[in-house]
Amino acid sequence: MAPEVKSWVAAARRIVVLTGAGISTDSGIPDFRGPQGVWTKNPLAEKLSNIHYYLADPEVRKASWQSRLQHPAWNAKPNAGHLALVELERQGKLHALITQNIDELHQLAGNSRELVIEVHGSMRRFMCWGCGMRGPMERVLERVRAGEEDPHCRDCGGILKSDTISFGQQLLPEVIDRAMQAAGEADLFLSVGTSLQVYPIAGAFDIARSAGAKTVIVNAEPTPYDGMADAVLGGSISAVLPAIVTERESAARFLN
Ligand code: NAD
């Protein structure tokens, strides 16, 4: 591990972190494009994440509800990688935590909701495609467990889905703007566990770099941005992140 990264983290005042599915694999939630990824192993799974198939085909919705019911995130616990980002917040250095993840493990680990920018929404909420009503996902999962294969909205009869941005669905401009603005204010930008292939959010890297931030990529596989980054750290995120985030108190304790 590049020792200078540790000193960049120690010196930084406004760290912006962009996380992807890779930070949650050590919590037992597979990514999409990694070697053990959901799409790598079963390309048909991509259909379940596509809004056009979802709205058009009740069979796709039934399969989606079963897969939501069995999603590993319901039993997942934050890992050492998530906890290292909580430590950054505790040190007052975390300016924003932009995540493409829908699992809410950052919030469960202890990061403040105000700092987490969820660009793809959350699987822990549902939304109605007809009237826009939202609520806790558990309410709809109860109905699926009770035998409804494709539950519809009790208010308007509309199609229900998770409150996430499916492929083919519009991102929320105000959320993307907030993420890009935060990236432009960073003095250190950490990209963690993302293949940096999904736009526009991968562009947060360019914005941070153009604004003068140091850029660090933590990912087991190469990304298209590796050549531009100030440092690229391979290996497992749950080992690398705790190693670059040192505790402020350790120096103070030593001095006392
Ligand atoms: P991705 O699947 O495209 O890429 C994940 C990257 O993380 C891969 O390059 C992989 O090599 C790396 N990686 C995986 N585990 C790692 C580990 N332990 N240590 C180091 N590197 C590791 O993920 P993405 O770029 O986030 O895009 C996929 C989209 O799918 C996301 O936008 C997200 O919305 C969604 N998704 C979310 C979750 C989740 O919430 N946990 C899980 C799967 C997919």
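The values are calculated or read from the model by the stated rules, or taken from the named source; none is laboratory data. The structure displayed is predicted, hence computed values, not measured ones. Positions of Cβ are generated from backbone atoms using ideal geometry, with glycine treated the same way; all protein chains shown enter the neighbour counts. Please note that ligands, DNA and RNA were not included when accessible areas were found on the heavy atoms of the full protein model with its side chains. Shrake-Rupley method; radii C 1.70, N 1.55, O 1.52, S 1.80 Å.
Overview of results
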| item | result |
| --- | --- |
| Close pairs from the stretch 62-73: first under 18 Å from Arg139 (Cβ atoms), partner among the acidic types (Asp, Glu), Cβ under 7 Å, at least 6 apart | Trp65/Glu149; Trp65/Asp150; Ala73/Asp103 |
| Qualifying helices (runs of 4 or more DSSP H) (wholly inside the stretch 1-111; at least 1 residues being within 9 Å of the ligand (Cβ to nearest atom) and of a type outside the set (D, E, K, R)) | 38-41, 80-90, 105-109 |
| Strands (runs of 3 or more DSSP E) contained entirely in the stretch 184-256, each with at least 2 residues that are modelled with pLDDT of 95 or more and of a type in the set (Val, Ile, Thr) | 214-218 |
| Qualifying positions in the stretch 231-248 - free of Cβ contacts under 8 Å to residues at least 40 places away in the same chain and open to solvent by 60 Å² or more (accessible area, probe 1.4 Å) | Val232 |
| In the stretch 82-92, the residues that are acidic (Asp, Glu) and over 17 Å from the mean Cα position of the chain (by Cα) | Glu87 |
| Residue identified as under 14 Å from the mean Cα position of the chain (by Cα), in contact (Cβ under 8 Å) with a residue 12 or more places away in the chain and closer than 21 Å to Leu171 by Cα among Asn79, Asn101, Asn111 | Asn101 |
| Which listed residue is open to solvent by 30 Å² or more (accessible area, probe 1.4 Å), closer than 17 Å to Pro72 by Cβ and at pLDDT 95 or above, from Arg124, Arg113 | Arg124 |
| Answer from Leu55, Leu44, Leu85, Leu69 - the residue that is among the aliphatic types (A, V, I, L, M), modelled with pLDDT of 95 or more and open to solvent by 50 Å² or more (accessible area, probe 1.4 Å) | Leu55 |
| Inter-residue pairs, beta-carbon under 9 Å, first not assigned by TED's automatic domain parsing to the domain that holds Leu233 and in the stretch 193-222, second open to solvent by less than 60 Å² (accessible area, probe 1.4 Å) and aliphatic (A, V, I, L, M), 6+ apart | none |
| Residues satisfying the stated conditions in the stretch 127-148, i.e. closer than 18 Å to Phe167 by Cα and open to solvent by 60 Å² or more (accessible area, probe 1.4 Å) | Trp129 |
| Filter result (of a type in the set (D, E, K, R) and under 19 Å from Lys6 (Cα atoms)) within the stretch 200-223 | Arg209, Lys214 |
| Evaluation of Gly157 against (1) of a type in the set (Gly, Ala, Ser); (2) at positive phi; (3) within 16 Å of the ligand (Cβ to nearest atom) (one fails), failing number | (3) |
